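**Q** Let me give you the structure first, and then I'll get to my questions.
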């Protein structure tokens, strides 16, 4: 079969959607399907187009065996008007990439941003191909819940566009059971078109490995219990909780290691400086191939979310590299992800936005090496059995009644 993936986010950008969609595309191709991608000029998360792609309106390239069409975007990060222009600009220019792509059987649309449903459906009318709408985040619900946008005409239009997108799709994917349940019961998505495509991980690239002592020494982490946060430094994560927990543990041999970038990073660094914290390190975004080194020195990873009702349905993709690497997860949140980790014995669930609870859990794990070792084994077992991309894509293809031509 022929798949075209329409997404604003794709490598060489670094981030959870980029990693997930690249792994998904690779697995489809490995199974004998034809895959093309239409995406934006890489600019996330810093809001600047990568040097090699600047001052270009369109680029077609072969990205490790997959044809990729990149179109111009108004580069921006954070929230507000500039971010909205960022979304809308690619929704417009992506049409050119869609027209340059070959005919396809399915157009796989990644949301957010929600606006991509418009060029996707236009392309399906002109070029053929059924639309698969992949809901990685319930937008506009998330921006409403976070207070990023106030009630008004813009949100009403977004709500109407969301309903239209679901009606027109051949299939609608939910990436968590919670999102799938909301799509079914609150968004009125027809049960017959609802499908499940959870986040996964490349279990060969991310696996337990010897501690990278060179990296540990370079970060002054050699004799410390390393708590790793790897991902976007954004509003939804509430990363101030980690800085406050680091403050509580300043006299103990812990190191809070932040890897990534995002709109709240500067304020987090300023807070750490204000507290004169020696147990916090910030590292810029790393290529996906470098991240296993960071997990090799991590004693545990931290995956935080703000206390929001909507986030109870979340299953953050940053959980999965940790699981596959055999690194226990300290999940600061409630709901589906917390239940998943605790039922599998792969981590600890901590109340969100609670520095005291996070510090207490870190101490508990550091003082119980046998518990930590057991969690490490359970984490790896869970990743391999349930969340390898090979298993996930095989189940999804069977569920939409397709069979891979090769390797099914």
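Just so it is clear, none of the values below were taken in a lab; they were calculated from the coordinates. Since this is a predicted model, take the numbers as computed values, not measurements. Methodologically, a virtual Cβ is constructed for each residue, glycine included, from the backbone with ideal geometry; neighbour enumeration extends over all protein chains shown.
**Q** Please compute the Kirkwood hydrodynamic radius of the range 46-183 from all pairs of different C-alpha atoms, in Å with one decimal.
**A** 16.2 Å is the Kirkwood radius here.
**Q** Please work out how much length the chain gains when fully extended from residue 81 to residue 205, using 0.36 nm per residue of separation minus the C-alpha to C-alpha distance, in nm with one decimal.
**A** Extending this stretch completely gives an extra 40.8 nm.
**Q** Determine, from the Cβ-Cβ distance of residue 218 and residue 251 and an R0 of 30 Å, the FRET efficiency 1/(1 + (r/R0)^6), rounded to the nearest 0.05. Could the numbers behind the result be given before it?
**A** On the way: r = 24 Å, r/R0 = 0.79.
So the FRET efficiency works out to roughly 0.80.
**Q** Based on C-alpha coordinates, I'd like the Rg and Dmax of the range 1-95, in Å.
**A** Rg, Dmax (Cα atoms, Å): 13.2, 42.
**Q** Using a Förster distance of 25 Å, how high is the FRET efficiency between residue 103 and residue 168, based on the Cβ-Cβ distance and rounded to 0.05?
**A** Working: r = 19 Å, r/R0 = 0.76.
The value I calculate is 0.85.
**Q** So how tilted is helix 81-100 from the main axis of the chain? Cα-based, degrees 0 to 90, rounded to 10.
**A** Approximately 50 degrees, to the nearest 10.
**Q** Once both labels are modelled 7 Å past Cα along the beta-carbon direction, what's the residue 394-residue 342 spacing in nm?
**A** Placing both labels 7 Å along Cα→Cβ, they lie 3.2 nm apart.
**Q** Further question on the same structure: Between helix 389-399 and the chain, what is the angle of the helix's C-alpha long axis to the longest principal axis, kept within 0 to 90° and rounded to the nearest 10?
**A** The angle comes out at about 40 degrees.
**Q** Restricting to Cα pairs below 8 Å that are 6+ residues apart, what does the relative contact order work out to for the range 153-226? Please round to a whole percent.
**A** Taking the mean separation of contacting Cα pairs over the length of the range 153-226, I get 24 percent.
**Q** Any idea what angle helix 355-366 forms with the longest principal axis of the chain, computed on alpha-carbon atoms, 0 to 90 degrees, nearest 10?
**A** For 355-366 against the chain, the angle is about 70 degrees.
**Q** Using the beta-carbon distance between residue 161 and residue 2 and R0 = 22 Å, what value does 1/(1 + (r/R0)^6) give for FRET efficiency, to the nearest 0.05?
**A** Values: r = 27 Å, r/R0 = 1.21.
With a Förster radius of 22 Å, E is 0.25.
**Q** Next question, about the same structure. Report relative contact order for the range 275-407 in percent, whole number only (criteria: Cα-Cα under 8 Å, sequence separation at least 6).
**A** The normalised contact order for the range 275-407 reaches 21 percent.
**Q** Another one. When the label point is put 7 Å from the Cα of residue 127 along its Cα-to-beta-carbon vector, which residues of the range 74-116 have a backbone N closer than 17 Å?
**A** 90-110, 116
**Q** Take 243, 118, 88 and order them by how many other Cβ atoms sit within 10 Å, fewest up front.
**A** 88, 118, 243
**Q** Same structure again: Spin-label point model (7 Å from Cα, Cβ direction): what's the residue 368 to residue 185 distance in nm?
**A** Result: 3.2 nm between the two label points.
**Q** If the viscosity is 1.306 mPa s and the temperature 10 °C, what Stokes-Einstein diffusion coefficient in µm²/s follows for the chain when Rh is the Kirkwood radius over Cα pairs?
**A** 73
**Q** Hey, what did the chain get for relative contact order, percent, Cα under 8 Å, at least 6 apart?
**A** Details: 801 pairs, mean separation 62.3, N = 408.
Normalised by residue count, the contact order of the chain is 15 percent.
**Q** Report the rotationally averaged projected area of the range 213-386 based on its alpha-carbon convex hull, in square nanometres. Could the numbers behind the result be given before it?
**A** Values: hull surface 36.7 nm².
In nm², the orientation-averaged hull projection of the range 213-386 is 9.2.
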